[in-house]
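The next block holds one structure in the form of structure tokens; read it before the comments.
The values are calculated or read from the model by the stated rules, or taken from the named source; none is laboratory data. In this text the structure is predicted, and so the values were computed from the model without any measurement. Cβ placement follows ideal geometry from the backbone for every residue including glycine, while neighbour counts extend to all protein chains displayed.
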């Protein structure tokens, strides 16, 4: 089996994974997916968050992030006995700052769309029926500029994300995996 699924929030299922699955499926995939997104997509990106969900880091890593009014962002890792060491925790720290991120990562409290905007995680809050039309409006505005300008602007705006991923992502994920391993006896 090349993919391992953990049903619901049963943390014991995580510990039944073979050792190589932790590396191949969790560490390697988690780091490579985020790195590929930031390092290999060299055009402006726009995300739409249309509801509540886990792992919104890809949407938060986009150049522009729009959010429906009813959407909520959160990271439940700590609540379930896991280190919040993957991309979600990293994006929270980068976008809202260390102190605010610590609060939301320790409490697993949900951020409603308006609070997410106020804390700098997203750019706009819209009614659901305006979400995708607004993304297209912004995309059309961006597309009016020359291709080279779009690409170079994207490179400038992604530089901080590249630096943060190179410096911190592996450290974060390694701690999440070590925490899973150490927590095994407690389950």
So which residues in region 79-99 are buried (at least 17 other Cβ atoms within 10 Å of the Cβ) and part of a helix (DSSP H, G or I)?
87, 88, 89, 90, 91, 92, 93, 94, 95, 96
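From the list 54, 60, 82, 95, exactly one residue is under 14 Å from the mean Cα position of the chain (by Cα) and within 17 Å of residue 173 (Cα to Cα). Which is it? Full working, then the answer.
Details: 60 fails: within 17 Å of residue 173 (Cα to Cα); 82 fails: under 14 Å from the mean Cα position of the chain (by Cα); 95 fails: within 17 Å of residue 173 (Cα to Cα).
Every option except 54 fails the conditions.
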Kindly list the number of the only condition in (1) modelled with pLDDT of 95 or more; (2) within 16 Å of the chain's Cα centre (by Cα); (3) under 20 Å from residue 47 (Cα atoms) that fails for residue 162.
(1)
Test residue 49 against the stated conditions and say whether it is over 15 Å from residue 173 (Cα atoms), at pLDDT 65 or above and in contact with a helix residue (DSSP H, G or I) (Cβ under 9 Å, 6 or more places away or on another chain).
yes
Given the condition modelled with pLDDT under 95, assigned to a loop (DSSP other than H, G, I, E, B), at negative phi and exposed (fewer than 13 other Cβ atoms within 10 Å of the Cβ), answer yes or no: does some residue in region 54-68 qualify?
yes
Let me spell it out: the conditions are (1) within 21 Å of residue 37 (Cα to Cα); (2) part of a helix (DSSP H, G or I), and residue 121 meets all of them except one. Which number is the exception?
(2)
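Table: residues versus (1) in contact with a strand residue (DSSP E or B) (Cβ under 6 Å, 6 or more places away or on another chain); (2) farther than 28 Å from residue 182 by Cα.
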{"residue": "44", "(1), (2)": "no, yes"}
{"residue": "64", "(1), (2)": "yes, yes"}
{"residue": "72", "(1), (2)": "yes, yes"}
{"residue": "85", "(1), (2)": "no, no"}
